[in-house]
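Engineer: Just dropping this structure here.
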Amino acid sequence: MTNPPSSSQPPTLQQIQQTFRDYKPKPLGITKRYAVLMPLIDTPSGLSLLYEVRAHGISQSGDAAFPGGQVEDGESFQAAALRETEEELGISRDQIELMGKMDMLVRHDRWIQCFVGYLGKHTPSDFTTNPNEVDHLFTLPVAKLLTLRPEWHTLKAEIQVDDDFPYDRIPNGRHYHFFPQVSSVPFYPIKKEHLWGMTAELTARWCELLRNEGEYYEK
């Protein structure tokens, strides 16, 4: 392996080549990493996706979610997804058949990696959920999900600039045209539960892949 350049000497072409030949790219600006598992179970209604409803008193309480959480230091995304599923559903990771990765979400400073796993034949009442994180569980049959399309709604966020922002260092100063913070937010038309946002986006992408609808582009 090529030695790294010293601080007093610029890198050689060989050292630059070595750096980027071995480098594994990652999203810039990421300070938090999360992993979730999309759990499939066999129910009397057929093969279904299992959803959690987040417990009262935690962030996004009442929202539908998949088991998951923050990746700990030294932990892989996959290990975090299995650990969180075990903690939240009360199921041993040995009972989870990991089927593979799905697409990731990158939002602001967060990187969310998604996995798909099969938990076997169950009903929601079979699981011993963590009451500090999970209020209740519900399922949506895969056959039904594939017939549904989420509604996409536009969310616009106002840009706020600090008083000490160095306008003198950018073209046109205070009149610089910043890109507006606009995002499309999906909502699933299901009754009683709140399936929207990132969980709905992962669900929609999962369905797109099963329908073989090609490359993904932001709605």
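Engineer: Please tell me if Leu47 is at pLDDT 95 or above, more than 29 Å from the chain's Cα centre (by Cα) and open to solvent by 60 Å² or more (accessible area, probe 1.4 Å).
Structural biologist: no
Engineer: Right, something else. Just one of the numbered conditions (1) of a type outside the set (A, V, I, L, M); (2) under 21 Å from Gly120 (Cα atoms); (3) in a loop (DSSP other than H, G, I, E, B) is not true of Gly57; which one?
Structural biologist: (2)
Engineer: Would you be able to say whether some residue in region 66-76 is of a type in the set (A, V, I, L, M, F, W, C) and in contact with an Asp or Glu (Cβ under 9 Å, 6 or more places away or on another chain)?
Structural biologist: Yes; the residues of region 66-76 include at least one that is of a type in the set (A, V, I, L, M, F, W, C) and in contact with an Asp or Glu (Cβ under 9 Å, 6 or more places away or on another chain).
Engineer: Restricted to region 146-165, and to residues that are in contact (Cβ under 8 Å) with a residue 40 or more places away in the chain and either loosely packed, with under 10 Cβ neighbours inside 10 Å or under 19 Å from the mean Cα position of the chain (by Cα) (or both), which residue is nearest to Arg205 (Cα to Cα)?
Structural biologist: Pro150
Engineer: Which residue pairs have Cβ atoms closer than 6 Å, lie 6 or more positions apart in sequence or on different chains, and pair a first residue in region 49-74 that is among the charged types (D, E, K, R) with a second residue that is open to solvent by 60 Å² or more (accessible area, probe 1.4 Å) and part of a loop (DSSP other than H, G, I, E, B)?
Structural biologist: Taking only residues 6 or more apart or on different chains, the pairs are Arg54/Gln60.
Engineer: Since Pro171 meets every condition but one in (1) touching a residue at least 12 places away in the same chain (Cβ under 8 Å); (2) open to solvent by less than 90 Å² (accessible area, probe 1.4 Å), which condition does it not meet?
Structural biologist: Among (1) touching a residue at least 12 places away in the same chain (Cβ under 8 Å); (2) open to solvent by less than 90 Å² (accessible area, probe 1.4 Å), the lone unmet condition for Pro171 is (1).
Engineer: Has region 95-109 got at least one residue that is within 13 Å of the chain's Cα centre (by Cα), farther than 21 Å from Thr203 by Cα and either open to solvent by 80 Å² or more (accessible area, probe 1.4 Å) or modelled with pLDDT under 95 (or both)?
Structural biologist: Taking every residue of region 95-109 in turn, at least one turns out to be within 13 Å of the chain's Cα centre (by Cα), farther than 21 Å from Thr203 by Cα and either open to solvent by 80 Å² or more (accessible area, probe 1.4 Å) or modelled with pLDDT under 95 (or both).
Engineer: Let me ask you something else. In region 61-98, which residues are aliphatic (A, V, I, L, M), part of a helix (DSSP H, G or I) and farther than 22 Å from Leu195 by Cβ?
Structural biologist: Residues satisfying the conditions are Ala79, Ala80, Leu82.
Engineer: Of the numbered conditions (1) within 25 Å of Gly69 (Cβ to Cβ); (2) open to solvent by 90 Å² or more (accessible area, probe 1.4 Å); (3) hydroxyl-bearing (Ser, Thr, Tyr), Thr199 satisfies every one except a single condition; which is it?
Structural biologist: Failed condition: (2).
Engineer: Another one. Quick check on my filter: what residues within region 176-196 are open to solvent by 70 Å² or more (accessible area, probe 1.4 Å) and either touching a residue at least 60 places away in the same chain (Cβ under 8 Å) or among the acidic types (Asp, Glu) (or both)?
Structural biologist: Correct list: His194, Trp196.
Engineer: Moving on to the next point. Condition check: modelled with pLDDT under 95 and touching an Asp or Glu at 6+ places or on another chain (Cβ under 7 Å). Does Pro189 satisfy that?
Structural biologist: Yes; evaluated as a whole, the condition is true for this residue.
Engineer: More than 30 Å from Thr31 (Cα to Cα), modelled with pLDDT of 95 or more, open to solvent by less than 30 Å² (accessible area, probe 1.4 Å) and more than 21 Å from the chain's Cα centre (by Cα) - does that describe any residue in region 113-126?
Structural biologist: Looking through region 113-126, at least one residue is more than 30 Å from Thr31 (Cα to Cα), modelled with pLDDT of 95 or more, open to solvent by less than 30 Å² (accessible area, probe 1.4 Å) and more than 21 Å from the chain's Cα centre (by Cα).
The values are calculated or read from the model by the stated rules, or taken from the named source; none is laboratory data. Keep in mind that what you see is a predicted model, and the values were worked out from it rather than measured. So basically every Cβ, Gly included, is an ideal-geometry build from the backbone, and we count neighbours across all protein chains shown. Remember, those area values only see protein heavy atoms, side chains included, never the ligands or the DNA or RNA. Shrake-Rupley method; radii C 1.70, N 1.55, O 1.52, S 1.80 Å.
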